[in-house]
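Every number in this text was worked out from the coordinates using simple rules, so none of it is lab data. In this text the structure is predicted, and so the values were computed from the model without any measurement. Neighbour counts run over all protein chains shown; Cβ positions are idealised from the backbone, glycine included.
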Amino acid sequence: MVSLGLVSDPDFPSYVADSLAESLPRYLTERLEEAEWSIEVVRDPVAAGRSNGKEILDATERQRRLHGWDYAVGVTDLPLRRESRPVLADIGEEHEQVGVISLPALGGFQPHRRARQLLISVLGELTGASGRRDSGLYSQLTELLAPIRRERADSDSIAVRYRATKRRGRLRLLTGMVRSNTPWRLVLGMSGALAAALATSVFGLTSSTVWQIADMLGLWRRSVIVVLAVALMTTWLILTHKLWEHPRYTADREQRMLYNSSTVLTIVAGVGCLYVVLFAANLTGSLFLIDSELLSSSVGGSVGVGNYVGLALAATSMGVAAGALGSGLEDDATVRRAAYGYREAQRRASQQQAREEQEEQEAQTTQAAQASQEERAAQEEQQEQAEPEERSEGDSDTER
């Protein structure tokens, strides 16, 4: 029996690893011609404080030796890149029995299937079985949208590397980074924003003034209001909770753009999920609670489903705008946990801690400089007061 260990980062990578452990043995037996495979999943944040494939391979090798596995593969949501090209997988040169796969490079769609295909190819490299073409990783659609290239790595620690092309692979990498952040959990993780959005929506549904305003708005103005509400909450979350990546923490400009783009798309997707769910609740509530005759008497005309849709859109937009303000009651750590996966949240927390320590040092330096300046000013003042006294004493001696 061949033993395989999957060392996964917590959160999304661990779900993928569990799925692989469940479905992979049958595929491995078919494609790698091995009798039986034993797969164990270990959740360990191997990539939380690391930034490249070599460091992850070293950590994965330590886990392999600790558990006595024949092979080990790290499963991470760290976006690996080499010469501006997304890296899907690295196979060790120094450690010949370990590899690592990067989930974001697989894209945002069908991550479990693509991870299985990639892992079969990686194990084919580790075991010496040439089964990578049979894994399904190289399909016509993949070759058209985001081609995958296998190459010998120019490194002492990495033997083989699977990478995507620069331009098309970058788009897939970005969607994979957003998928790893699981944006639909964003608002559920912020109770203050959700409570403010719900309370304001209820107010909008019960206000006859809101009914009249919603009835007067045309289609294009309703669309603009929806976009503005989502943009307001997105901007508020990013700026208020310092989610924007700064050059001082990420010197690589392209990497910084990827992080910031994934943040914006994650927040937009999360707020969009909030809007859809809140709209469905408001539409159901308005149809159930507001009588058509009462609504007709308020807006001054016959009403139909379109009136209820307009009312639900107005109440939802108000709720999302209020949710932006309510999110200000959440602390930065809560928002990071809601907006990102475990590894990225840890990286952002480290940045926040470094920023706070730097600000504290700058404040201490400023205080020390001010204290020194005040001390010099006090000494100069004492000298100025002492000079007239010395002159008066000198004049007294002269008169004597």
Put +1 on the Cβ of every Lys and Arg and -1 on every Asp and Glu Cβ in the range 293-371; which of 323, 299, 354 then has its Cα farthest towards the positive end of the dipole?
299
Gain upon complete extension [residue 331, residue 292; 0.36 nm per residue less C-alpha separation]:
9.8 nm
Which length gain, in nm to one decimal place, applies between residue 354 and residue 384 when the Cα-Cα distance is subtracted from 0.36 nm times their residue separation?
6.3 nm
With charges only on Cβ, +1 for K and R and -1 for D and E, what is the dipole size of the chain about its Cα centre, in debye, rounded to 20?
3220 debye
To the nearest 500 deg cm²/dmol, what mean residue ellipticity at 222 nm is calculated for the chain from DSSP H runs of n ≥ 4 alone, each contributing -39,500 (n - 2.57), summed and divided by the residues?
-22000 deg cm²/dmol
Of 188, 119, 289, which has the largest mean-square fluctuation in a 10 Å C-alpha GNM of the chain?
289
Residue farthest toward the positive end of the dipole of the chain, with Cβ of Lys/Arg at +1 and Asp/Glu at -1: which of 364, 17, 268?
17
Please list, by residue number, every one of the trypsin sites (Lys or Arg not before Pro) in the range 206-314 that is coil in DSSP and has at most 14 other beta-carbon atoms within 10 Å.
248
Are there any helices in the chain, counted as whole DSSP H runs, that stretch 24 Å or more along their axis by Cα and score at least 0.0 on average by Kyte-Doolittle, and if so which?
219-240, 253-289, 305-326
Compute the Cα gyration tensor for the chain, then decide on rounded, prolate or oblate, letting a ≥ b ≥ c be the square roots of its eigenvalues: rounded whenever a/c is under 1.5, prolate when a/b is larger than b/c in the other cases, and oblate in all that remain.
oblate
Options 277, 184, 288, ranked by Cα towards positive dipole end of the range 181-352, top entry (Cβ charges)
184
With +1 at each Lys and Arg Cβ and -1 at each Asp and Glu Cβ, the charge dipole magnitude of the range 181-352 around its Cα centre, to the nearest 20 debye, comes out at 640 debye
In nanometres, what is the gap between the two model label sites at residue 151 and residue 216, each 7 Å from Cα along Cα-to-Cβ?
6.2 nm
Over its alpha-carbon atoms, the range 181-352 yields an Rg and a Dmax in Å of 18.4, 62
Would you work out the relative contact order for the chain, in percent, from Cα pairs under 8 angstrom that are 6 or more residues apart?
16 percent
With Cβ to Cβ distances under 9 Å as the rule, what net charge do the other residues near residue 189 carry (K, R +1; D, E -1)?
+1
Residue 156 neighbourhood, Cβ < 15 Å, K/R = +1, D/E = -1, net charge -4
With the 8 Å Cα cutoff and a minimum separation of six or more residues, the range 2-176 has a relative contact order in percent of 23 percent
How do the peptides 191-203, 87-99 rank, highest first, by the average count of neighbouring beta carbon atoms within 10 Å per residue?
87-99, 191-203
